[in-house]
Amino acid sequence: MRRICKAWSPPRDVTARVGTPARAVLYALFLVAAATARGETDASFRLSAGLEDLPAYFPAYLANGYISTLSAPRGTEATRAYLVAFMDYAAGDISRPAAVPGWTEIDFSSSPAGPDQAWLNKAPLNERNFRDYRQTLDLHEATLTTSCRYLDRGRETAVEVTTLVSQASPHLAASRFQITPDYDGVVQLSFALTLWAPHAPRFALAQMSGPEMEEAVAANGLSLEPRAPATADREALWYPGYTEVRASEGDSGSLSLWLDGQAGQGLPMAMAAAVALPEGVAPETVTLHHDRYRLALDVSMKVERGRPYVFTKYVAMSRDGWGGNAADDLTMAKDARKRGFDRLLDEHRAAWDALWQPDILIEGDPRAQQVAHSELYYLLASAAAGTAWAPGPCGLTPCYAGHAFWDADTWIFPALLLLHPERAKPVVAFRERTLEAARQRARQRGFDGAMYPWESDPENGSEQTPHSAYVLGETEIHVNADVAIAQWQYYLATHDRDWLRAHGWPVIREVARFWASRATYDQRRHRYEIAHVNSVAESNTDVPNDTFTNVSAAKALSIATAAAVLLGERPDPLWKRMARLLYTPLAPGGQHHLAFDPAVIGRSDEDFGGGPIPLLFLPSLDLAMGAELRRNDYEYAIRPSRVARVAAASMSIAPRSIAADTIGSGADAAAWFATNFTGGTLKPPFNVRTETAGNNVGYFLTGSAGYLQSLIYGFSGLRIREEGLVEAYAPVLPATWKSLTLRNLTFRGQRVDIRIERDAAGVVRLTRQAH
């Protein structure tokens with residue numbers, strides 16, 4: 001379907017006018033204050049790519065906790081976009097994030113229309129077509145800007161495109177596209193919403209065994225190996241779900257597009273776009289292109305040499321439970337257009353500037369500082385305040401099908417808790433919201449209380465572990481302790497007793513009831529045991545008394561007793577007894593912890609090197625150990641680990657670095673921490689963290705959170721306990737660092753700066769400055 005508008009007056013891309021001189025002055029002062037507060041963006045907030053970087057280009061990530069999209073080298077291509085917990089539930093498959101229509105495409109041509117017409121988005125990325133190319137991700141303001149000189153048959157056009165996903169107005173995203181031609185003539189532009197086809201093939205991952213899955217992948221000519229250049233995900237398995245567009249339309253007169261869709265057997269969604277053309281320039285034609293795969297406004301316009309022309313595409317989107325329908329989204333998009341891109345950008349920058357007030361500052365190591373900022377950027381982009389959705393291990397991307405794992409409770413949550421408690425809270429709120437689903441799961445298996453899934457659907461909390469990993473879903477049950485520990489950590493950090501009573505306590509209580517029914521008593525040995533579990537070192541299946549599982553369960557049971565007493569509830573006496581008598585495997589003489597029950601100690605522990613023992617040092621677990629036992633654990637299971645093996649898995653680095661901190665070995669802590677840069681899991685050019693060096697499973701939020709935990713809890717030695725934010729271990733500092741500052745932490749409603757530096761005698765000291 002095509003429509004051409006002949007007599008037409010375009011909407012203009014202008015900043016909204018302030019109604020009175022006084023208001024105008026106030027608005028101007030606001031902008032000056034925001035700019036002054038931000039200052040010039042320093043190098044640690046800027047990551048850039050040139051043409052020479054494109055062969056290894058790994059996409060960046062623009063998101064605001066509700067909406068996400070990946071970057072592309074030109075900055076104008078159609079890329080897949082996702083909405084929070086918007087899932088496809090195809091029969092036989094696990095739930096997976098449904099890709100919503102792509103909104104980023106803006107294509108451009110300076111060629112005459114016809115079969116040989118050249119378009120920017122199809123031009124090969126080389127010096128022949130693109131000169132002075134540069135793409136920059138500004139972490140401080142969360143914008144992606146791409147600039148170049150585009151050459152097409154002797155015509156040269158200076159191009160700059162800036163894209164954002166609004167932090168201030170979460171339903172909105174926008175791209176500003178500016179051209180400056182070195183010629184007079186007619187150009188064409190296309191502003192599209194891409195209506196993706198269903199991914200093919202789709203596999204019945206909810207039914208296939210591991211070998212069946214591998215055979216199906218091979219039979220379809222696919223591979224799990226990453227392709228070059230690096231891919232954003234392993235689409236053979238972590239492909240996106242489908243959004244069926246059920247109604248779509250556009251209007252060339254108002255330069256707008258809109259659609260309604262629905263995820264496969266899932267929730268409805270909507271999207272709308274409003275386009276603004278350069279002020280004072282009338283287009284020659286505006287055409288609506290509308291077919292099965294593309295909804296677009298195609299514009300032709302006369303341009304003059306040396307004159308800049310600015311086009312802007314404003315997009316609004318929503319899903320059931322978050323926003324309205326296409327009509328509402330269209331109103332939002334048009335309102336954003338009326339206010340103008342500069343206003344939207346200023347508000348977005350101000351919102352991100354506020355997010356950066358809590359920060360991690362490193363003196364003496366520019367690379368570590370830059371990575372700290374990129375890790376924190378991706379973490380903040382993946383979380384939002386005031387929700388009950390938990391981030392998946394890969395944020396708002398299809399990696400690991402967007403499911404919520406223990407990563408949310410044990411890795412992501414602690415990294416946010418002191419810097420941004422309001423963005424940590426959705427993790428614990430998600431577990432409360434899905435408590436009934438966890439209760440039902442426990443009942444189905446003959447247990448009391450709540451049994452949380454290994455992989456939870458982020459919308460409804462249902463079990464979504466692929467059948468090939470069924471054993472993990474049934475027996476890697478330490479996730480239940482992780483859930484309770486996070487609830488208690490939130491209480492300890494806030495001291496919000498009303499929250500604990502109404503929200504945290506029901507979860508903690510039901511988790512304790514699960515452990516009380518899951519553990520068994522060995523009368524001969526006078527101890528409780530937990531048999532038939534999958535270790536957190538996942539190659540070890542059906543083991544009794546996995547150390548990490550047992551100590552975590554004991555912690556959850558002790559928490560339940562403490563919470564009950566605090567709230568005036570009556571705790572089950574079994575909780576305290578079981579916590580005290582739950583077996584913790586130790587070497588003869590109690591010299592160090594063992595990975596598992598001695599009966600299975602000969603099994604492989606390759607996943608973590610030393611089995612799960614490094615995880616005993618995680619700050620949220622905060623396992624009480626004497627100094628000798630702590631050092632013996634380190635010497636037994638951590639220091640001997642081959643760095644190359646550990647470096648291949650970004651999830652493994654943090655507990656080792658933190659463990660070295662707790663024994664006071666600053667040199668070892670710095671060495672483990674350095675593998676964050678040398679292990680191959682940090683992909684150029686935008687510091688995208690992957691799970692392993694060779695497995696480009698996509699952006700791995702868990703690894704980023706581990707990096708941040710090493711800084712927040714590792715080098716500082718801080719722990720969150722009932723008595724406060726405690727200096728549980730002496731602070732350490734890498735030899736090349738001058739200082740480490742944890743700026744503007746929030747603890748129990750108070751703001752505090754933590755600074756770690758060497759005194760005149762070279763002794764590392766920690767100081768606090770309350771705000």
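Summary table below
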read-out	value
Set Ala599, Ala556, Ala637, Ala579: member being crowded, with 17+ Cβ neighbours inside 10 Å, among the hydrophobic types (A, V, I, L, M, F, W, C), modelled with pLDDT under 95 and part of a helix (DSSP H, G or I)	Ala637
Within segment 442-462, tally of residues that are out of contact with any Gly (no Cβ under 6 Å at 6 or more places or on another chain), buried (at least 21 other Cβ atoms within 10 Å of the Cβ) and not in a loop (DSSP other than H, G, I, E, B)	1
Pick from segment 502-526, criterion touching a residue at least 40 places away in the same chain (Cβ under 8 Å) and of a type in the set (Gly, Ala, Ser), ranking: farthest from Asn545 (Cα to Cα)	Gly504
Residue match in segment 319-328 (condition: at negative phi, surrounded by 23 or more Cβ atoms within 10 Å (Cβ to Cβ) and out of contact with any Ser or Thr (no Cβ under 9 Å at 6 or more places or on another chain))	yes
Condition met for Asp260 (touching a helix residue (DSSP H, G or I) at 6+ places or on another chain (Cβ under 7 Å), more than 21 Å from His403 (Cα to Cα) and open to solvent by 40 Å² or more (accessible area, probe 1.4 Å))	yes
Complete set of residues in segment 55-75 that are aliphatic (A, V, I, L, M), modelled with pLDDT under 95 and open to solvent by less than 30 Å² (accessible area, probe 1.4 Å)	Ala60
Residues satisfying the stated conditions in segment 727-754, i.e. without any contact (Cβ under 8 Å) to a residue 60 or more places away in the chain and open to solvent by 30 Å² or more (accessible area, probe 1.4 Å)	Glu727, Gln750, Arg751, Asp753
Residue in segment 396-418 that is touching a residue at least 40 places away in the same chain (Cβ under 8 Å), among the β-branched types (Val, Ile, Thr), in contact with a strand residue (DSSP E or B) (Cβ under 9 Å, 6 or more places away or on another chain) and over 20 Å from Pro506 (Cβ atoms) present	yes
Looking only at segment 268-285, and only at residues there that are of a type outside the set (A, V, I, L, M) and open to solvent by less than 40 Å² (accessible area, probe 1.4 Å), the one that is nearest to Val165 (Cα to Cα)	Pro278
Exclusive hit being at pLDDT 95 or above and not aliphatic (A, V, I, L, M), set Pro226, Pro211, Pro278	Pro278
Ala562 being under 17 Å from Trp406 (Cβ atoms) and either modelled with pLDDT of 95 or more or more than 29 Å from the chain's Cα centre (by Cα) (or both)	no
Leading residue by the ranking (nearest to Asn545 (Cα to Cα)) among those in segment 585-594 that are in contact with a helix residue (DSSP H, G or I) (Cβ under 6 Å, 6 or more places away or on another chain) and part of a loop (DSSP other than H, G, I, E, B)	Pro585
Residues that are part of a strand (DSSP E or B) and of a type outside the set (A, V, I, L, M, F, W, C), drawn from segment 361-398	Glu363
Condition met for Leu288 (touching a Gly at 6+ places or on another chain (Cβ under 6 Å), assigned to a strand (DSSP E or B) and surrounded by fewer than 23 Cβ atoms within 10 Å (Cβ to Cβ))	yes
Filter result (hydrophobic (A, V, I, L, M, F, W, C), out of contact with any helix residue (DSSP H, G or I) (no Cβ under 8 Å at 6 or more places or on another chain) and open to solvent by 20 Å² or more (accessible area, probe 1.4 Å)) within segment 487-542	Ala502, Ala531
Subset of segment 112-153 that is of a type outside the set (Val, Ile, Thr) and under 22 Å from the mean Cα position of the chain (by Cα) - its residue that is farthest from Ser374 (Cα to Cα)	Gln135
Contacts under 8 angstrom Cβ, first residue in segment 279-292 being over 15 Å from Asp251 (Cβ atoms) and hydrophobic (A, V, I, L, M, F, W, C), partner open to solvent by 40 Å² or more (accessible area, probe 1.4 Å) and modelled with pLDDT under 95, 6 or more apart	Ala282/Trp8; Ala282/Ser9
Scan of segment 145-169 for residues that are hydrophobic (A, V, I, L, M, F, W, C) and assigned to a strand (DSSP E or B), ordered by number	Cys148, Leu151, Ala158, Val159, Val161, Leu164, Val165
Residue satisfying condition, being without any contact (Cβ under 8 Å) to a residue 12 or more places away in the chain and among the hydrophobic types (A, V, I, L, M, F, W, C), within set Trp499, Trp454	Trp499
Residue within segment 691-699 that is crowded, with 18+ Cβ neighbours inside 10 Å, of a type in the set (S, T, N, Q) and over 25 Å from Ser620 (Cβ atoms) present	yes
Among (1) part of a loop (DSSP other than H, G, I, E, B); (2) open to solvent by 40 Å² or more (accessible area, probe 1.4 Å) - the single one Ser111 does not satisfy	(2)
Filter pass, Arg307 being within 30 Å of Pro278 (Cα to Cα), assigned to a helix (DSSP H, G or I) and either in contact (Cβ under 8 Å) with a residue 12 or more places away in the chain or open to solvent by 10 Å² or more (accessible area, probe 1.4 Å) (or both)	no
Single residue of segment 151-187 satisfying the filter (open to solvent by less than 10 Å² (accessible area, probe 1.4 Å) and touching a Pro at 6+ places or on another chain (Cβ under 8 Å)) that is farthest from Arg349 (Cα to Cα)	Val187
Residue under evaluation Ala484, criteria (1) open to solvent by 10 Å² or more (accessible area, probe 1.4 Å); (2) within 27 Å of Gly749 (Cα to Cα), criterion not met	(1)
Glu347 open to solvent by less than 20 Å² (accessible area, probe 1.4 Å), assigned to a helix (DSSP H, G or I), acidic (Asp, Glu) and modelled with pLDDT of 95 or more	no
Which listed residue is part of a helix (DSSP H, G or I), over 17 Å from the mean Cα position of the chain (by Cα) and over 22 Å from Phe747 (Cα atoms), from Ala437, Ala401	Ala437
Where Gly473 falls short, out of the listed (1) surrounded by fewer than 24 Cβ atoms within 10 Å (Cβ to Cβ); (2) at pLDDT 95 or above; (3) small (Gly, Ala, Ser)	(2)
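Conditions tested, residue by residue: (1) modelled with pLDDT under 95; (2) not acidic (Asp, Glu).
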{"residue": "Glu432", "(1), (2)": "no, no"}
{"residue": "Gln444", "(1), (2)": "no, yes"}
{"residue": "Phe447", "(1), (2)": "no, yes"}
{"residue": "Ala469", "(1), (2)": "yes, yes"}
{"residue": "Val479", "(1), (2)": "no, yes"}
{"residue": "His495", "(1), (2)": "no, yes"}
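The values are calculated or read from the model by the stated rules, or taken from the named source; none is laboratory data. All of these numbers come straight from a predicted model, not from anything done at the bench. We place every Cβ from the backbone using ideal geometry, glycine too, and count neighbours over all the protein chains shown. Remember, those area values only see protein heavy atoms, side chains included, never the ligands or the DNA or RNA. Shrake-Rupley method; radii C 1.70, N 1.55, O 1.52, S 1.80 Å.
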